[in-house]
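Q: Encoded as structure tokens, here's the structure I'll be asking about.
The values are calculated or read from the model by the stated rules, or taken from the named source; none is laboratory data. Values in this document were obtained by computation on a predicted structure and should not be read as measured data. Backbone-built Cβ (ideal geometry, glycine too); neighbour counts: all protein chains shown. Areas reflect the complete protein model, heavy atoms only, side chains present, ligands, DNA and RNA absent. Shrake-Rupley method; radii C 1.70, N 1.55, O 1.52, S 1.80 Å.
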Amino acid sequence: MRLEIDQQIELTQPQTLILDFSHVTFMDSSGIGLIMGRHRVMDAIGGELVIRNPPPHICRVMRISGMERIAQIQNQKPEKKDLL
């Protein structure tokens, strides 16, 4: 997953990377590492990272680990344009 996301970042150079967690049921330190690594990649190109729709138990893990300091955490339904 990391490689695919990084390849897309390299190809498209987005200003904002949105990671939608709405269907994620479990997250451990590997997931935290994925988020931190993508934050570094986006920071290097002057972009930002947004974490969208984490379920409450995953949102709690993110907040405990300090993810809101490196990424916006949003709870909203994705817009149609975001599904592409």
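Q: Test each condition in (1) farther than 20 Å from GLN76 by Cβ; (2) at pLDDT 95 or above for GLN15 and report the one that comes out false.
A: Here GLN15 clears every test but (1).
Q: Looking only at the stretch 1-21, count every residue that is open to solvent by 50 Å² or more (accessible area, probe 1.4 Å) and free of Cβ contacts under 8 Å to residues at least 40 places away in the same chain and tell me the total.
A: Adding up the residues that qualify gives 12.
Q: Here's something else I'd like to know. Determine, yes or no, whether ILE45 is within 13 Å of the chain's Cα centre (by Cα) and surrounded by 12 or more Cβ atoms within 10 Å (Cβ to Cβ).
A: Spelling it out, it is not the case that ILE45 is within 13 Å of the chain's Cα centre (by Cα) and surrounded by 12 or more Cβ atoms within 10 Å (Cβ to Cβ).
Q: I'm trying to understand the selection: among the residues of the stretch 58-84, which are assigned to a helix (DSSP H, G or I), open to solvent by 50 Å² or more (accessible area, probe 1.4 Å) and at pLDDT 75 or above? Full working, then the answer.
A: Our first condition is that a residue be assigned to a helix (DSSP H, G or I); within the stretch 58-84, this holds for 58-64, 67-69, 80-83.
From what's left, open to solvent by 50 Å² or more (accessible area, probe 1.4 Å): 60-61, 63-64, 68-69, 80-83.
Those that are assigned to a helix (DSSP H, G or I), open to solvent by 50 Å² or more (accessible area, probe 1.4 Å) and at pLDDT 75 or above: ARG60, VAL61, ARG63, ILE64, GLU68, ARG69.
Q: Also, I was wondering about something else. Find all pairs meeting these conditions: Cβ atoms under 6 angstrom apart; at least six residues apart or on different chains; first residue within the stretch 47-70 and in contact (Cβ under 8 Å) with a residue 24 or more places away in the chain; second residue among the charged types (D, E, K, R).
A: LEU49/ARG38; ARG52/ASP20; ASN53/ASP20
Q: Okay, next question. Which of the residues spanning the stretch 27-48 are among the charged types (D, E, K, R) and either at pLDDT 95 or above or not in a loop (DSSP other than H, G, I, E, B) (or both)?
A: ARG38, ARG40, ASP43, GLU48
Q: Test GLN13 against the stated conditions and say whether it is touching a Lys or Arg at 6+ places or on another chain (Cβ under 9 Å) and of a type in the set (S, T, N, Q).
A: No.
Q: Quick one: ILE51 ticks every box in (1) in contact with a Leu (Cβ under 6 Å, 6 or more places away or on another chain); (2) in a helix (DSSP H, G or I) except a single one, so which number is it?
A: The one condition ILE51 does not meet is (2).
Q: Taking VAL24 as the residue in question, decide whether it is under 14 Å from the mean Cα position of the chain (by Cα) and not in a helix (DSSP H, G or I). It would help to see each step written out before you state the result.
A: Details: under 14 Å from the mean Cα position of the chain (by Cα): yes; not in a helix (DSSP H, G or I): yes.
Yes.
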